[in-house]
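Report on the following structure.
Rule-based calculations on the coordinates, nothing more; no lab input. Remember, it's a predicted structure, so these values are computed and weren't measured experimentally. So basically every Cβ, Gly included, is an ideal-geometry build from the backbone, and we count neighbours across all protein chains shown.
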């Protein structure tokens, strides 16, 4: 009797726990809502978005120094002390330790403009545009990875949710079996061994339900982390899965060549390296700068030949510089840049091969899962019929306890395999969208 009470308490705790979850309605989170929240709230996406905004700020023409500059300058100084002055001629007497005072006031408006800088600013601007595009692609790559992680975590929860439901149903069957055998044992129609076997199975099923609920809670915490919301937020997910079973291999392979963001990212790196080489090559050209100042200057001194001097007017400058020889440093830089371009091209080739391999294996996984889904559905239907007949024969004494347990376990496995195929096919489908650069279009 004590053993029965223990297992009954264990079963009651797990059952009440599940009932509480159903009584207090949980929010039902759809896959569309999960992906939408991810796009808005995920921290990694927000960080990459900020990096993109920083890159776009550097695209401005003014940052390159190609626009004119206008400055207002001003200064004032005053000095008191003693001065000793000896002049070059005898026309002026020598001054020793005379008290001296001087004051200077300067102010001007300065205009400056780079007339010609060897075309470097043009190529630098083009490079910054490419860098902005690179950051945009990097953001898309981050979004793709986060969306896939979110979807996988969502369907892991859906699987664990269904598994918990299946295990709970099995637990209910084991509870019913235990009660029946207990009654039969009391009337002498079942042995003590049969009762102990039923109790062992019931305890195992109770533990399985509790462990399943624990795994489900952990998976929910991980999804909440991806969605950047409170880890204690409870919810359910939808168990329906809509799979596009008509994806075409040739069509997707073409889209991957044109739209895969990993390939596009590497192509931008090549273009940026080429712009760096161009910037270095035009640095040999001369540079011409123009500046003009309109200002006021005043200087007063009691120890100078000129006691007070002031001026107001316009002053202009044209500066010309040409680095004719730099010790071959520019040539070495150009050679290294060419090596970098070649390395980036090799890296692009390696990435294309890697993407092609990943695409082939993912499409094979997708196709296999699609083909096996119908088989698993038929297998589940057969397992359900077999279990109902086994259950009926067991209670009629025509089936052994081991055979009944095998039928029970087989039903559980067939349901789990079907769920695994469904969610595996969906994740493979989403990965194919990611590889072809259109996962954002498919998840809106």
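Odds and ends about this structure:
- Computed E for residue 186/residue 375 - FRET, C-beta separation, R0 41 angstrom, nearest 0.05: 0.35
- Range of Cα positions in the chain per principal axis (Å), largest first: 145, 56, 35
- Estimated FRET transfer efficiency (residue 228, residue 101; beta-carbon r; R0 41 Å; 0.05): 0.05
- The residue 126 and residue 94 beta-carbon pair, evaluated with R₀ = 45 Å, returns a calculated FRET efficiency of approximately 0.10.
- Taking 0.36 nm per residue of separation and subtracting the Cα-Cα distance, full extension of the segment from residue 76 to residue 176 would add 26.1 nm.
- When the P(r) of segment 150-219 is calculated, the portion above 20 Å amounts to 43% of the C-alpha pairs.
- Put a dot 7 Å past the Cα of residue 218, heading toward its Cβ, do the same for residue 360, and the two dots end up 3.6 nm apart.
- Taking other Cβ atoms within 10 Å as a rough exposure proxy, 193, 223 sort from fewest to most as 193, 223.
- Contact order for the chain, expressed relative to its length and based on alpha carbon pairs under 8 Å spaced 6+ residues apart, stands at 22 percent.
- Shape of segment 325-408, Cα gyration tensor, a/c cut at 1.5: prolate
- Multiplying the residue separation of residue 395 and residue 438 by 0.36 nm and subtracting their alpha-carbon distance yields 9.9 nm.
- Rg/Rh for segment 141-266 (Cα atoms only, Rh after Kirkwood) is 1.25.
- Cα gyration tensor shape for segment 199-291, rounded if a/c is under 1.5, else prolate or oblate: prolate
- When each of 370, 439, 105, 76 is scored by the number of other beta-carbon atoms lying within 10 Å, the sequence from fewest to most is 76, 105, 370, 439.
- Gyration tensor (alpha-carbon) shape descriptor, segment 218-353, a/c threshold 1.5: oblate
- Between residue 39 and residue 145, the distance separating the two model label sites (each 7 Å from Cα on the Cα→Cβ line) works out to 2.0 nm.
- Sorted fewest first by neighbouring Cβ atoms within 10 angstrom, 414, 102 come out as 102, 414.
- Listed peptides 284-291, 169-176, 313-320 by packing density, highest first (mean Cβ within 10 Å): 169-176, 284-291, 313-320
- Extension gain, residue 57-residue 385: 0.36 nm per intervening residue step, less the Cα-Cα distance, totals 111.4 nm.
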